[in-house]
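Comments concern the structure below.
The values are calculated or read from the model by the stated rules, or taken from the named source; none is laboratory data. A quick note: this is a predicted structure, and the numbers were derived from the prediction, not measured. No Cβ is skipped: glycine too gets one built from the backbone with ideal geometry, and neighbour counts run over all protein chains shown. These area figures cover heavy atoms from the full protein model, side chains too; ligands, DNA and RNA do not enter into them. Shrake-Rupley method; radii C 1.70, N 1.55, O 1.52, S 1.80 Å.
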Amino acid sequence: AQSVTQPDIHITVSEGASLELRCNYSYGATPYLFWYVQSPGQGLQLLLKYFSGDTLVQGIKGFEAEFKRSQSSFNLRKPSVHWSDAAEYFCAVGGNRDDKIIFGKGTRLHILP
Amino acid sequence: EPEVTQTPSHQVTQMGQEVILRCVPISNHLYFYWYRQILGQKVEFLVSFYNNEISEKSEIFDDQFSVERPDGSNFTLKIRSTKLEDSAMYFCASRDSRGAFFGQGTRLTVV
């Protein structure tokens, strides 16, 4: 069965510190992997995606993620967070074409000044 | 940058009433979806739509729900007789090879 696990419900980091948000997935075929960010009361913004090729993908706002097939992981990273990065982050997995996308429960990121 | 647009942004309705949530997907996208997010909870898949028909639906998407693409541009979600537990944020998404793009959502409040 398809599933996404984000083991950390909340993460707090200091502004300027590095960040890693964890994501593990279960998917029967070649996965399409996504990270979305949601600010309070707002929609879901696509940060980055992995379909194939280079396993380290770059996204918007200085984020990157690394696909590790052996670990079924797709962790999100940022070298130096900004206060504006405080939001909820969702990892998601799907297949190609019209296959539905399944979301993890999200990780809420808090930034200390 | 093309985007998915949803209207209205907020809808309040009485229990038992019908509501229609509207979405304009990104032009040239072929795959469309509705998701919902109950306050503070995860984003849940409702239905996917391709080639003018439902390609998959979740167990949440019961007979109370229907989707339609009436005019080749709009993509609507109808809830026939709303219940209190239908209160949630509803997101529309459309997809191409670059990924799945979501609208800003419609917050539905059933009173």
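Among B:6, B:91, A:1, which residue has its Cα furthest toward the positive end of the charge dipole of the protein assembly as shown, with +1 on Lys/Arg Cβ and -1 on Asp/Glu Cβ? The one lying farthest along the dipole's positive direction is A:1.
Exactly which trypsin sites (Lys or Arg not before Pro) in the stretch A:77-113 are in a DSSP loop and have at most 14 other Cβ atoms within 10 Å? Answer in residue order: A:97. Principal axis extents of the Cα atoms in chain A, from largest to smallest and rounded to whole angstrom, are 42, 29, 22.
Each label point was placed 7 Å from the Cα along the Cα-to-Cβ direction; for residue A:20 and residue B:109 their separation is 4.2 nm. Given the protein assembly as shown, what percent of its DSSP beta bridges are antiparallel, to the nearest 5? DSSP beta bridges in the protein assembly as shown are roughly 90 percent antiparallel.
Taking only protein heavy atoms and a 1.4 Å probe, the accessible area of chain A is 48% carbon and sulfur. Here the simple spin-label model places points 7 Å from the Cα toward Cβ, and for residue A:30 and residue A:82 these points are separated by 3.5 nm. For chain B, DSSP calls about 90 percent of its internal beta bridges antiparallel. With coordinates expressed along the principal axes, the C-alpha atoms belonging to the protein assembly as shown extend over 49, 37, 34 Å, beginning with the largest. Summarising the label geometry, the points placed 7 Å from Cα in the beta-carbon direction at residue A:105 and residue B:24 lie 3.8 nm from one another. Sort out for me the Cα centre separation of the stretch A:1-60 from the stretch A:82-98, rounded to whole Å. Spelled out, the Cα-based centre of one part sits 5 Å from the other.
For residue B:107, the solvent-accessible surface computed with a 1.4 Å probe is close to 80 Å², ligands and nucleic acids excluded.
Given the options A:10, A:62, A:34, identify the residue whose Cα lies farthest towards the positive end of the charge dipole of the stretch A:1-95 (+1 on Cβ of Lys, Arg; -1 on Cβ of Asp, Glu). Checked the options; the winner is A:34.
Build a GNM of chain B with springs between Cα atoms under 10 Å apart, and of B:83, B:42, B:57 the one that fluctuates most is B:42. The spread of Cα positions in the stretch B:10-111, taken along each principal axis and listed from longest to shortest, comes to 39, 28, 24 Å.
Exposed loop sites were defined as GluC sites (Glu not before Pro) in DSSP loop states (anything but H, G, I, E or B) carrying at most 11 other C-beta atoms within 10 Å; in chain B the longest segment without such a site runs B:60-111. Counting DSSP beta bridges in chain A, what percent are antiparallel, to the nearest 5? Around 85 percent antiparallel, to the nearest 5.
On the basis of the beta-carbon distance and an R0 of 35 Å, residue A:39 and residue B:53 show a calculated FRET efficiency of 0.55.
Report the percentage of all Cα-Cα pairs in the stretch A:63-113 whose separation exceeds 14 Å, rounded to a whole percent.
On the way: 814 of 1275 pairs.
Every Cα pair in the stretch A:63-113 considered, those over 14 Å come to 64 percent.
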